[in-house]
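The values are calculated or read from the model by the stated rules, or taken from the named source; none is laboratory data. The shown structure was predicted, so the numbers you read here are calculated from the model rather than taken from an experiment. Virtual Cβ from ideal backbone geometry, glycine too; neighbours counted across all protein chains shown. Heavy atoms of the whole protein, side chains included, go into the accessibility calculation; ligands, DNA and RNA do not. Shrake-Rupley method; radii C 1.70, N 1.55, O 1.52, S 1.80 Å.
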Amino acid sequence: MLILAIESSCDETAAAVTNGRHILSNIVATQIAEHRIYGGVVPEIASRRHTEAISQVCEQAVKEAGISYKDLDAVAVTFAPGLIGALLVGVNFAKGLAFSLGIPLIPVHHLRSHIAANYIENDSLNPEFLCLTVSGGNSLITKVADFTEFELLGGTKDDAAGECFDKTARALGLAYPGGVMLDKIATIPDFNKYPLPYPRLSGNELDFSFSGLKTAVINLIHNASQKKEEIDVPVLAATVRKRVCDMLIDNTFKAAEQFNYKTIALAGGVSANSELRNRFCEECKKRNIELFYPELKYCGDNAAMVGVQAFYEYKSGNIADSSLNALATLPIDYNRGEFYG
Ligand code: KG4
């Protein structure tokens, strides 16, 4: 089944042609250089750049797949969650294309597609498994009961892990997207030099909180600057990275134990983090748990993962009519009847 998938939820305009789990083309036009000037994504600029790039990106995806538009069986699009203006560009373009070609329109939840990035190179991975999804806007632990059935076990009470990395990196003077730079320059952590909190939450023990850690790092940097003390950036970066990884790893293994999972997958932009991957590998080996994570090029936003998830959404009857709208927020276990026909 040939699907043209479109992704425009944040600052990448992406299109891919997929056939089941197989990727025929994968085009990403990133806006990072432009947003870097402002230290983060400017939503209106993102929407405008998507509008400019989307036709060309889709054309290139179709061309590189060696097909033409009339060979397509369906059009898929990320419709939630994300920046609303950015999502609307993709949704409207996909609607028009599906309508003009007379083929189905498949709406895809952004976080479901991040999880599906794991299916691309891992033929043996099938639900049921446990997944830690960590990106710029989300941090959650889910049961992936089936390709389109999810149960949220834990999520962030405030900031996402990626947000914590990006904001602390910005305070350290690192360029956007800070998480990537922070991971590159981090050396050896030192909690004696930089004592950072490990938040304890009441309620669900699988939930996360990153805002306290983010504030502690920003305060530490401001205090040092007022006292004209120099920050050891690589050491502080490593200390922050370790603390974020501690929280993500502790809760994921708590969930694995509680629900007796022997398969864990990682997903989302932050799953590219080197410490997170290495420590998950070590811990999973020790506990005899099978670990999956996407290839680096499929960790960040891309449309290949949208096409793969769309294949399963289509198989379970998730098809939208022309009233499909974009949504800035939507839980991963949403009930589709409430949002599209
Ligand atoms: O999944 P993604 O590309 O976009 C969203 O859907 O949010 O994730 C972007 C996030 C950013 O916060 C970025 O700093 C973070 O992923 N990220 C990393 C690394 N690579 C990307 N964070 C830590 N270490 C990395 N190597």
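Run through region 119-209 and list the GluC sites (Glu not before Pro) located in a DSSP loop whose Cβ has at most 14 other Cβ atoms within 10 Å.
Glu128, Glu205
Would you mind telling me the share, in percent, of accessible area of region 251-341 contributed by carbon and sulfur at probe 1.4 angstrom?
47 percent
Please list, in chain and number order, the residues 5+ apart from Gly154 or on another chain whose amide H is under 5 Å from its amide H, with Hs placed from the backbone.
Ile141
Could you pull out every whole DSSP H run in the chain that spans at least 15 Å of Cα extent along its own axis and averages 0.0 or higher on the Kyte-Doolittle scale?
84-101, 211-226, 233-258, 304-315
Pull out the extension gain between Lys227 and Glu151, defined as 0.36 nm times the separation in residues minus the alpha carbon to alpha carbon distance; nm, one decimal.
Values: separation 76, 0.36 × 76 = 27.36 nm, distance 4.81 nm.
Length gained, Lys227 through Glu151: 22.6 nm.
Provide the per residue accessible area, probe 1.4 Å, for the chain, rounded to a whole number of square angstrom.
Value for the chain: 42 Å² per residue.
Can you give the relative contact order of the chain as a percent, counting alpha carbon pairs under 8 Å and 6+ residues apart?
RCO, the chain: 25 percent.
Please return the longest range in the chain lying between exposed loop sites, taking trypsin sites (Lys or Arg not before Pro), DSSP loop only, at most 11 other beta-carbon atoms within 10 Å, and leaving the sites out.
Between the exposed loop sites, the longest stretch runs 1-192.
Test of the criteria: in region 14-112, which chymotrypsin sites (Phe, Trp or Tyr not before Pro) are in a DSSP loop and have at most 11 other Cβ atoms within 10 angstrom of their Cβ?
For chymotrypsin sites (Phe, Trp or Tyr not before Pro) across region 14-112 that sit outside H, G, I, E and B with at most 11 neighbouring Cβ atoms in 10 Å, the list reads Tyr38.
In this model, which of Lys242/Lys285; Lys157/Lys227; Lys95/Lys297; Lys167/Lys193; Lys95/Lys254; Lys167/Lys297 are farther than 31 Å apart at the alpha-carbon?
Long pairs (Cα-Cα over 31 Å): Lys157/Lys227; Lys95/Lys254.
With labels modelled as points extended 7 Å from the Cα through the Cβ direction, what inter-label distance (nm, one decimal) is found for Gln258 paired with Ser323?
Label at Gln258, label at Ser323, 3.8 nm between them.
Taking Rh as the Kirkwood radius computed over C-alpha pairs, what is the Stokes-Einstein D of the chain at 20 °C in a medium of viscosity 1.002 mPa s, expressed in µm² per second? Don't jump to the answer; show the numbers that get you there.
Details: Rh = 20.5 Å.
Calculated translational D: 105 µm²/s.
Hey, got the dipole for region 86-159? About the Cα centre, +1 on K and R Cβ, -1 on D and E Cβ, debye to the nearest 20?
300 debye
Counting only residues 5 or more places away or on other chains, whose amide H sits under 5 Å from the amide H of Asp333 once H atoms are built in the peptide plane?
Those qualifying (amide H under 5 Å, at least 5 residues apart or on another chain) number zero.
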